[in-house]
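These notes concern the structure reproduced below.
Nothing in this text is a laboratory measurement; each read-out follows from the coordinates by a stated rule. Remember, it's a predicted structure, so these values are computed and weren't measured experimentally. Positions of Cβ are backbone-derived with ideal geometry, glycine not excepted, and every protein chain shown enters the neighbour counts.
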Amino acid sequence: MSTINTPNILNLLARYLAYLGGTVVALIGIMSAVSIIGRSALGQPILGDFELVEIGTAVAGTLFLPYCQASGGHIAVDVFTLRASKRTIAWLDRFGCLLMAIMFIAVGWRAIYGSAGLRLSGETSMLLGFPIWIGYAGIVPGAFVAGLIALAQSFGIMVAERIADD
């Protein structure tokens, strides 16, 4: 009987979501370049390009959060813990991870709630008529996976190698 290696699964999920976020950013960049060239050379930009940039950036940003959480890439201010013991710092880090888990899960939950409301109302973007609820739904995976990772870290489970301090 094999066991499930939760830290490895969470690490893989974080990495794949980060790659997906990078792909979204690359596509936004290509679309923006095509729109700028079209505007300059042909006087014809991509209609609603800024709407797609807004939605894509929101989705991509949340897709990076799980990897950032797993690798300890968030900004940490250690002014108050410079003289604290390693045990105290470890406890504070785990408590901070618990707070992050609560926040990420709350954001994911509210994004689901908001997405459902927007879908029911049929709200769309102004120029493209793009359903706004899809953008809200797109931030759910990143928020929930980041929440799961932070929750695991609050129990002392190491999900990925931490980024070295400078």
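For the chain, a Gaussian network of Cα nodes joined below 10 Å ranks V34, V107, V145 by mean-square fluctuation, and the top entry is V34. For the chain, the longest principal axis of the alpha carbon atoms and the long axis of helix 6-37 meet at an angle near 30°.
Within a Cβ distance under 14 Å of I55, other residues only, what is the Lys/Arg minus Asp/Glu net charge? Intermediate values should be presented prior to the final figure.
Details: positive: none; negative: D49, E51, E54, E123.
Counting the neighbours of I55, the net charge comes to -4.
Suppose R0 equals 30 Å; then what is the FRET efficiency for N5 and A84 from their Cβ-Cβ distance, rounded to the nearest 0.05?
On the way: r = 32 Å, r/R0 = 1.07.
Efficiency, from the Cβ-Cβ distance: 0.40.
Go ahead and estimate [θ] at 222 nm for the chain from helices alone: -39,500 (n - 2.57) per DSSP H run with n ≥ 4, summed, over the residue count, rounded to 500.
Working: 5 runs with 112 residues, N = 166.
Calculated at 222 nm, the ellipticity per residue is -23500 deg cm²/dmol.
For the chain, modelled as a GNM whose springs connect Cα atoms under 10 angstrom apart, the maximal fluctuation among A70, A137, A41 occurs at A41. Once the chain from F130 to L47 is taken as fully extended at 0.36 nm per residue, the excess over their C-alpha distance is 28.7 nm.
Backbone amide hydrogens, once placed in the peptide plane, bring T124 within less than 5 Å of I132, excluding anything fewer than 5 places away on its chain. Against the main long axis of the alpha-carbon atoms of the chain, helix 86-121 sits at an angle near 30°. On the beta carbon distance between E123 and S40, with R0 = 45 Å, the FRET formula returns roughly 0.90.
Please name whichever of T81, V53, Q69 sits farthest to the positive end of the charge dipole of segment 32-114, dipole taken about the Cα centre and charges placed at Cβ: Lys and Arg +1, Asp and Glu -1. Farthest along the dipole direction, towards plus: T81. Report, to the nearest 10°, how far helix 140-154 tilts away from the longest principal axis of the Cα atoms in the chain, using its own Cα long axis and a range of 0 to 90°. Between the helix axis and the principal axis of the chain, the angle is about 10 degrees.
Rounded to the nearest 0.05, the FRET efficiency derived from the C-beta distance between A33 and T57 at R0 = 22 Å is 0.90.
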